[in-house]
Amino acid sequence: AKYCYTRHTIDVEGDSVSVTKRCVALEDCLSTGCTEMDHEGKKVCTACCEGNICNLPVPWNETDAIFTTTSPLSSAVGLSQSHTVTFSLIITSLIVSSGV
């Protein structure tokens, strides 16, 4: 688990009901933000961050309930994309050089 996850439940009066903090994988951090108040008058705000002790603040609203990273998220995806491009270039070069 690479990311710090914080889930904050707030009651109808704006008081904190519960806070959960844990280490999670990237997939658990892709839906940060706050929910609308439920039938019990509670809303949940979720935030994630990358780094040591980065989740000390608790998210209270949409401004706080965000995903912050120290490195671009696209780097994880970019690696596999760059391999695909390299492979495509190699195949194209082979086809051209073989005269097909």
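Quick notes on this structure:
- Within region 1-63, strands (runs of 3 or more DSSP E) holding 2 or more residues that are in contact (Cβ under 8 Å) with a residue 60 or more places away in the chain and out of contact with any helix residue (DSSP H, G or I) (no Cβ under 9 Å at 6 or more places or on another chain): none
- Matching residues in region 13-61 - criterion: being at positive phi, exposed (fewer than 13 other Cβ atoms within 10 Å of the Cβ) and touching an Asp or Glu at 6+ places or on another chain (Cβ under 9 Å): GLY41
- If you go through region 20-67 and pick out every residue that is among the polar types (S, T, N, Q) and in contact with a strand residue (DSSP E or B) (Cβ under 6 Å, 6 or more places away or on another chain), you end up with 5.
Quick note: the coordinates plus some simple rules give every number you see, no bench work behind them. Bear in mind the structure is a predicted one, so any value in this text is a computation, not a measurement. Neighbour counts are summed over all protein chains in view; Cβ atoms, including those assigned to glycine, are modelled from backbone coordinates with ideal geometry.
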